[in-house]
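Structure, as structure tokens:
Throughout, read-outs are computed from the coordinates displayed, never taken from laboratory work. The model shown is predicted, which means the values in this text are computed figures rather than measured ones. Note that each Cβ is placed from the backbone with ideal geometry, even for glycine, and that neighbours are counted across all protein chains shown.
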Amino acid sequence: MTSSTLPSPVKKAWRSSLKAIADLRLAIILLLLIALFSISGTVIEQGQSLSYYQSNYPEDPALFGFLTWKVLLTLGLDHVYRTPWFLSLLVFFGSSLTACTFTRQLPTLKAARTWKFRTQAAQFEKLALSAELDRGSLNSLLPLLEQYNYKVFRQEDALYARKGIIGRIGPIVVHAGILIVLAGGIWGAMTGFFAQEIVPSGETFHVQNIIDAGPWAKGQIPQDWGVKVNRFWIDYTPDGNIDQFYSDLSVVDEQGAELKHQTIAVNTPLRYDGVTFYQTDWGISGVKVQLNNSPVFRLPMAPLPALKGRFWGTWVPTKPDLSEGVSLLARDLQGTLLTYDRQGQLMGAVRTGQGIELPNGITLKVVELIGSTGLQIKADPGVPLVYAGFALLMVGVVMSYWSHSQIWAMQKGDRFYLGGKTNRAQVTFEREVLQILEQVSR
């Protein structure tokens, strides 16, 4: 059933609803609400653990007197862009734009494309810019209008000309661009995911540590391929500060065959099959050591949060019964480790490839310090739609700057009437019309 076949009361209610939804004030309110909650999603960290929010948004004292971790989680501010109320705002705003397009913009475009002739002198008096001449003809006016790029329509002694119809199409294109951006945002929220992984050098991993994901994101999480961290390393400045850290990655299939190879760094991610891998963090996962002429063995290193700064440590047994040993501490991957005895006394420093003599006559050699890369993994299938929408939006904005100018003329006996109007650039249009009048009157 279409609106034309609806009963009169229903049709009236339908039109009233469309008019209310298409109201500009409602669209502005919705846009401000979307902007406000988008800002909150930028300020409040998204997709963190419960302990993180309990630590940063305690109940006493509450942030701003009311914002606690309970309020934050209840409202869904830890994943704003996937909450039902935020998605509902996007849908409602999109509905308002759609209603405005069909009830205002399309009828305006249709009216602008309709040929309208003025055949009475009184009709010219209603125009903002009009003139009555005792000389002039449509035959002389027509080539002048074409010279100014007007599209001319003539009917006997009446003439209508227009240009800049693209300016009427521009707002429709703007609305279409915004709707595509909204659709991309909704699609990305429903199908995208966000994950984090800490992976030691030399290991292969599959995306498993999902921090946040949309309800339809399962199909985006890679199942038939993984990523191998061939090597992780850090470049340091001469004064010992971190300059940049890198991960040499290979995308591999289930049989281990390489599908793509790339070295990533901060702001240089790896993209494959719609999934993006960002270099965001690093750590020390282990150390390879040798005692005298023993085989080289690998020990894990764990972060030591009790110490000021970033430190990793491990314990190296020096007797088979594990009754004796030393501790190794490292703060970076430059290759220097500090050695401590069981009493916590510093015994000395040792670099990778070198050894240190222990009191029991054993030589402890550090063969290799193994780093681990911190990767942030994202998939957002809505991004292409968002980019396309923004591109269309920019095109529509440029199109909207075109002036839609209209000129009418009528020749009646020895009198010649000419008038016109435009929707923007009024001064430029007036000068143009005056130049046309001057040439016609000659």
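Going by the conditions given, is VAL173 of a type in the set (A, V, I, L, M, F, W, C), within 23 Å of ASP253 (Cα to Cα) and crowded, with 19+ Cβ neighbours inside 10 Å? So that I can check it myself, show each step before the final result.
Numbers: of a type in the set (A, V, I, L, M, F, W, C): yes; within 23 Å of ASP253 (Cα to Cα): no; crowded, with 19+ Cβ neighbours inside 10 Å: yes.
For VAL173, the condition - of a type in the set (A, V, I, L, M, F, W, C), within 23 Å of ASP253 (Cα to Cα) and crowded, with 19+ Cβ neighbours inside 10 Å - is not met.
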Inset, instruction - Within region 136-147, work out how many residues are touching a helix residue (DSSP H, G or I) at 6+ places or on another chain (Cβ under 6 Å) and either of a type in the set (Phe, Trp, Tyr) or not in a helix (DSSP H, G or I) (or both). - result: 1
Legend entry - region 317-337 residues that are more than 15 Å from GLY286 (Cα to Cα), paired with ones that are of a type in the set (Val, Ile, Thr) and assigned to a loop (DSSP other than H, G, I, E, B) (beta carbon under 6 Å, 6 or more apart): THR318/ILE362; GLU324/THR318; GLY325/THR318
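Residue by residue, here is whether (1) aromatic (Phe, Trp, Tyr); (2) over 28 Å from PHE245 (Cα atoms) holds:
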| site | (1), (2) |
| --- | --- |
| ALA330 | no, no |
| TYR340 | yes, yes |
| PRO359 | no, yes |
| THR363 | no, yes |
Legend entry - So THR336, is it in contact with a Leu (Cβ under 8 Å, 6 or more places away or on another chain) and among the hydroxyl-bearing types (Ser, Thr, Tyr): no
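Among the hydrophobic types (A, V, I, L, M, F, W, C), closer than 30 Å to GLN120 by Cα and touching a helix residue (DSSP H, G or I) at 6+ places or on another chain (Cβ under 8 Å) - does that describe any residue in region 390-399?
First, the residues of region 390-399 that are among the hydrophobic types (A, V, I, L, M, F, W, C): 390-395, 397-399.
If we keep only those that are closer than 30 Å to GLN120 by Cα too, we end up with none.
Checked region 390-399: no residue is among the hydrophobic types (A, V, I, L, M, F, W, C), closer than 30 Å to GLN120 by Cα and touching a helix residue (DSSP H, G or I) at 6+ places or on another chain (Cβ under 8 Å).
Residue-wise test of (1) over 30 Å from GLU324 (Cβ atoms); (2) among the hydroxyl-bearing types (Ser, Thr, Tyr); (3) touching a residue at least 12 places away in the same chain (Cβ under 8 Å).
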| position | (1), (2), (3) |
| --- | --- |
| LYS365 | no, no, yes |
| THR373 | yes, yes, yes |
| GLY382 | yes, no, yes |
| VAL395 | yes, no, yes |
| HIS404 | yes, no, yes |
Inset, instruction - Report, ordered by the first and then the second residue, all pairs with beta carbons closer than 7 Å, sequence separation of six or more or different chains, a first member in region 36-57 that is assigned to a helix (DSSP H, G or I), and a second member that is of a type in the set (Ser, Thr, Tyr) and buried (at least 16 other Cβ atoms within 10 Å of the Cβ). - result: GLY41/TYR81
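Looking only at region 238-271, which residues are surrounded by 16 or more Cβ atoms within 10 Å (Cβ to Cβ) and not β-branched (Val, Ile, Thr)?
Kept after step one, since they are surrounded by 16 or more Cβ atoms within 10 Å (Cβ to Cβ), are these residues of region 238-271: 245-252, 264, 269-270.
PHE245, TYR246, SER247, ASP248, LEU249, SER250, PRO269, LEU270, listed by residue number.
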